[in-house]
Amino acid sequence: MTATPPVPELRQLALQALMEPDSQQKVLLAQYLYAQAATIFIAVNETLMAPAGLPGCPARPELRTHLDMPKRSPFTAEGLAALLHAVTHIEFNAINLALDAAWRFAGMPRAYYLDWLKVAAEEARHFSLLRAQLQAMGYDYGDFAAHTGLWDMTQKTEGDVLARMALVPRTLEARGLDATPPMQAKLRKVGTPDALRAVSILDIILRDEIGHVAIGNRWYRYLCAERGLEPQATYAVLAQAYGAPRLKGPLNLEARRQAGFDDAELALLDASA
């Protein structure tokens, strides 16, 4: 009598993808998992234990604090590559953020897990587009040092899905909505074919990131309603408790509005930036 093979479980598979150290394999796993997600069983109420060594990362790039990162001008070939490498690293981290949101938190509706696997697959696409552009310029992911900022907040919020939704998609990823148009303006000034191709890639990323922040907003509000909390006041408490970074203007108010921030919240955020 042959043993019945174990039934694949979606959150365990997301954790396996998160643990994968090879960046290309992680991309393929994230994309495959989302493509199959609708057909895979989800153990929504099972508490999973976090293994050591999360997330899985390649040996390069060297990771440093943001204060140790060298300044380079994008008007040089190396400086442009370093800028694109920094964005590529953000997108690599974003794959990990989405996979972590998908596996870590029990007790959420099925749609929550499917949403975050969709985000992981789209972040994998962003990473692939940027890496291909780096390679076209004679560089690759890992050729420059990178910083750890995004994953730091993921670790801080690992004990509470409400804090995670408040402070990762709605705060750190929403900062990308603000930062992308000025970066595109700088790249247009550089004006080289490589810089202009990067502008086009950032158009794709900005469009998708509006959707990712919207997913964070949706689940943040869902959790606030479930816990009987007022969203705006709760956000202020969480931002202080977890040491969220201060906003820097100008804010991309239109993109944030599309991502689900209401006018009252935008007015408050804009005044504090």
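The values are calculated or read from the model by the stated rules, or taken from the named source; none is laboratory data. Note that the structure is predicted; figures quoted are calculated from it, not measured. Counting neighbours? That spans all protein chains shown, and the Cβs are built from the backbone with ideal geometry, glycine included. Just the protein is used for accessible areas: all its heavy atoms, side chains included, with ligands, DNA and RNA removed. Shrake-Rupley method; radii C 1.70, N 1.55, O 1.52, S 1.80 Å.
Look through the range 30-42, keep the residues that are among the aliphatic types (A, V, I, L, M) and loosely packed, with under 14 Cβ neighbours inside 10 Å, and return whichever of them is nearest to Glu20 (Cα to Cα).
The residue in question is Ala35.
If Asp152 meets every condition in (1) at pLDDT 95 or above; (2) more than 16 Å from Val27 (Cα to Cα); (3) of a type in the set (Asp, Glu) apart from one, which number is that one?
So Asp152 meets the others, but not (1).
Spot the failing condition for Leu15; the list is (1) touching a helix residue (DSSP H, G or I) at 6+ places or on another chain (Cβ under 7 Å); (2) assigned to a loop (DSSP other than H, G, I, E, B); (3) touching a residue at least 24 places away in the same chain (Cβ under 8 Å), and only one is missed.
So Leu15 meets the others, but not (2).
Residues of the range 210-224 being open to solvent by 20 Å² or more (accessible area, probe 1.4 Å), of a type outside the set (Gly, Ala, Ser) and under 12 Å from the mean Cα position of the chain (by Cα), which ones?
Scanning the range 210-224 gives a single hit, Ile210.
So is Pro70 buried (at least 20 other Cβ atoms within 10 Å of the Cβ), assigned to a loop (DSSP other than H, G, I, E, B), in contact (Cβ under 8 Å) with a residue 40 or more places away in the chain and of a type outside the set (Phe, Trp, Tyr) or not?
In short, no.
So, Gly79, is that one touching a helix residue (DSSP H, G or I) at 6+ places or on another chain (Cβ under 7 Å) and open to solvent by less than 10 Å² (accessible area, probe 1.4 Å) or not?
no
Based on what the data block shows, is Arg207 closer than 27 Å to Pro182 by Cα, modelled with pLDDT of 95 or more and surrounded by 15 or more Cβ atoms within 10 Å (Cβ to Cβ)?
No: the conditions fail for Arg207.
Just checking, which of Ala174, Ala121, Ala185, Ala179 is over 18 Å from Ile210 (Cβ atoms) and either in contact with a His (Cβ under 8 Å, 6 or more places away or on another chain) or of a type in the set (A, V, I, L, M, F, W, C) (or both)?
Selected residue: Ala185, the only one of Ala174, Ala121, Ala185, Ala179 that is over 18 Å from Ile210 (Cβ atoms) and either in contact with a His (Cβ under 8 Å, 6 or more places away or on another chain) or of a type in the set (A, V, I, L, M, F, W, C) (or both).
Is it fair to say Gln16 is open to solvent by 80 Å² or more (accessible area, probe 1.4 Å), within 19 Å of the chain's Cα centre (by Cα) and among the polar types (S, T, N, Q)? Give the derivation first.
Details: open to solvent by 80 Å² or more (accessible area, probe 1.4 Å): yes; within 19 Å of the chain's Cα centre (by Cα): yes; among the polar types (S, T, N, Q): yes.
So Gln16 passes the test.
So, in the range 98-121, exactly how many residues are assigned to a helix (DSSP H, G or I) and either open to solvent by less than 10 Å² (accessible area, probe 1.4 Å) or at positive phi (or both)?
Of the residues in that region, 12 qualify.
List pairs: first in the range 199-228 and among the small types (Gly, Ala, Ser), second not in a helix (DSSP H, G or I), Cβ under 9 Å, 6+ apart or cross-chain?
These pairs meet every condition: Gly211/Ala259; Ala214/Ala259; Ala214/Gly260; Gly216/Ala259; Gly216/Gly260.
Do you know which residues across the range 126-139 are within 20 Å of the chain's Cα centre (by Cα), under 22 Å from Leu63 (Cβ atoms) and surrounded by fewer than 19 Cβ atoms within 10 Å (Cβ to Cβ)?
Selection gives Ser128 alone.
What residue, among those in the range 40-56 that are touching a Pro at 6+ places or on another chain (Cβ under 8 Å) and in a loop (DSSP other than H, G, I, E, B), is farthest from Thr148 (Cα to Cα)? First the steps, then the outcome.
Taking the range 40-56 first, the residues touching a Pro at 6+ places or on another chain (Cβ under 8 Å) are 40-41, 44, 56.
Still in the list and also in a loop (DSSP other than H, G, I, E, B): 40, 44, 56.
Numbers: Ile40: 32, Val44: 30, Gly56: 13 Å.
In this case the residue turns out to be Ile40.
Say we look at the range 153-203 and pick out the residues that are assigned to a helix (DSSP H, G or I) and acidic (Asp, Glu); which of these is surrounded by the fewest Cβ atoms within 10 Å (Cβ to Cβ)?
So, considering only residues that are assigned to a helix (DSSP H, G or I) and acidic (Asp, Glu), the one surrounded by the fewest Cβ atoms within 10 Å (Cβ to Cβ) is Asp203.
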